[in-house]
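Worksheet: the structure to be examined is printed underneath.
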Amino acid sequence: MRLIRRQAFARAGLAGNPSDGYQGRTISLSVRNFAATVTLYEWDQIEVVWSQEDRSRFDSIDELVRDVRLHGYYGGVRLVKATIKKFAEFCRAHGMPLHGRNFSVRYASDIPRQVGLAGSSAIIVATLRCLMEFYGVEIPLRVQPSLVLSVETDELGIAAGLQDRVIQCYEGLVFMDFGPASTENILGLSCGSYEPLDPRLLPPLYLAYNAEAGEPTEVIHNNLRARYQAGEKPVIEAMRRLAQLAAAAREALLARNCKLLGALIDENFDVRRSICRLAPMHVEMIERARAAGASAHFTGSGGAILGICDNDALFSRLQHSLGEIGCRVVRPQVSP
């Protein structure tokens, strides 16, 4: 029996986020410490197998509430099913033949949920990779992130931008430009301009997260998008500044200017804070990291932070201070 197993890794925004959803620019990196794994093999029927996260039995009402808060009402099964549907429609719309054999598919993930590490899109990317191999279909790499995004926006109504999907498809370290001049329509999907950078340009980093302090990305992004579309001037100016920060961070990386990069990372959070109502717990994570001597900003929508940490003494201080409020601190692995 042929067995296909593919992974997609967590990601962390380095600079520019969340301007990716607003024709901006971002830099993002793979976090190979955590991954979603999808396994697919030929079967007599199409079968989507529930994982341990797709639970329907609980020991108490509080356990059910916690599970729904972390995993939603349908866990990752809805992501897998939506990916299969969108993949089939995309292939048929573009004359990519699909053979008639069926399959069973299941997923597993150790990416902390709803803390801004892109756990949901990782499941979709890993599923798409399995489907492409099973059916022998080649979808251009530049198009794959846009197809993944369409699964979430079109099928599931999740407000999101391309950043997470780009870095999870490309991996490593990528500078992304989503401005009108850098965007093309390819196979019916809007695709930005993506520049892989050498991960060795990165200074030593830390990543901290609190799995109990997660908040769905929809909570922040739906409100932010409505304000942007309504022409709210502070939001529009903030997105413009965030895009500038990403471009400046790219230059700082190429110049290996760690001091400047750290200042840009800090400003990224400050700009975001100026337009978003942030959870006090998430703000405290930033403040504790900065008090310890590190730069800090959100990796995504909140619950995880990232910054420069260039020595072991600082890393120990971060572990101690952030550990007091239930955070785990790790060194992100960007390359294999």
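The values are calculated or read from the model by the stated rules, or taken from the named source; none is laboratory data. Remember, predicted model here, so these are calculated numbers, not experimental data. We place every Cβ from the backbone using ideal geometry, glycine too, and count neighbours over all the protein chains shown. These accessible areas exclude ligands, DNA and RNA; they are computed on the full protein's heavy atoms, side chains included. Shrake-Rupley method; radii C 1.70, N 1.55, O 1.52, S 1.80 Å.
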Using the structure shown, decide if Asp266 is open to solvent by 10 Å² or more (accessible area, probe 1.4 Å) and under 24 Å from Tyr228 (Cα atoms). yes
Condition first: closer than 23 Å to Ala159 by Cα, of a type in the set (Lys, Arg) and assigned to a helix (DSSP H, G or I). Now tell me which residues in region 267-324 satisfy that. Arg272, Arg273
Output the residue which, of all residues in region 242-257 that are farther than 22 Å from His282 by Cβ and touching a strand residue (DSSP E or B) at 6+ places or on another chain (Cβ under 6 Å), is least open to solvent (accessible area, probe 1.4 Å). Ala243
Residue among Tyr194, Tyr228 that is modelled with pLDDT under 95 and in contact with a helix residue (DSSP H, G or I) (Cβ under 7 Å, 6 or more places away or on another chain): Tyr228
If you go through Arg32, Arg69, Arg25, the only one that is in contact with a Phe, Trp or Tyr (Cβ under 8 Å, 6 or more places away or on another chain), under 15 Å from Gly116 (Cα atoms) and touching a residue at least 60 places away in the same chain (Cβ under 8 Å) is Arg32
Of all residues in region 325-336, count the ones that are touching a Phe, Trp or Tyr at 6+ places or on another chain (Cβ under 7 Å) and in a loop (DSSP other than H, G, I, E, B). 2
For region 204-213, indicate whether the set of residues that are surrounded by fewer than 22 Cβ atoms within 10 Å (Cβ to Cβ), within 24 Å of Arg256 (Cα to Cα) and not hydrophobic (A, V, I, L, M, F, W, C) is non-empty. yes
Kindly provide the set of residues from region 138-175 that are open to solvent by 50 Å² or more (accessible area, probe 1.4 Å) and in a helix (DSSP H, G or I), ordered by number. Thr153, Asp154, Glu155, Tyr170
If you take the residues of region 50-107 that are open to solvent by less than 80 Å² (accessible area, probe 1.4 Å), touching a Lys or Arg at 6+ places or on another chain (Cβ under 9 Å) and within 17 Å of Arg5 (Cα to Cα), which of them is modelled with the lowest pLDDT? Ser51
Which numbered condition in (1) crowded, with 24+ Cβ neighbours inside 10 Å; (2) in a helix (DSSP H, G or I) is the only one that Arg129 fails? (1)
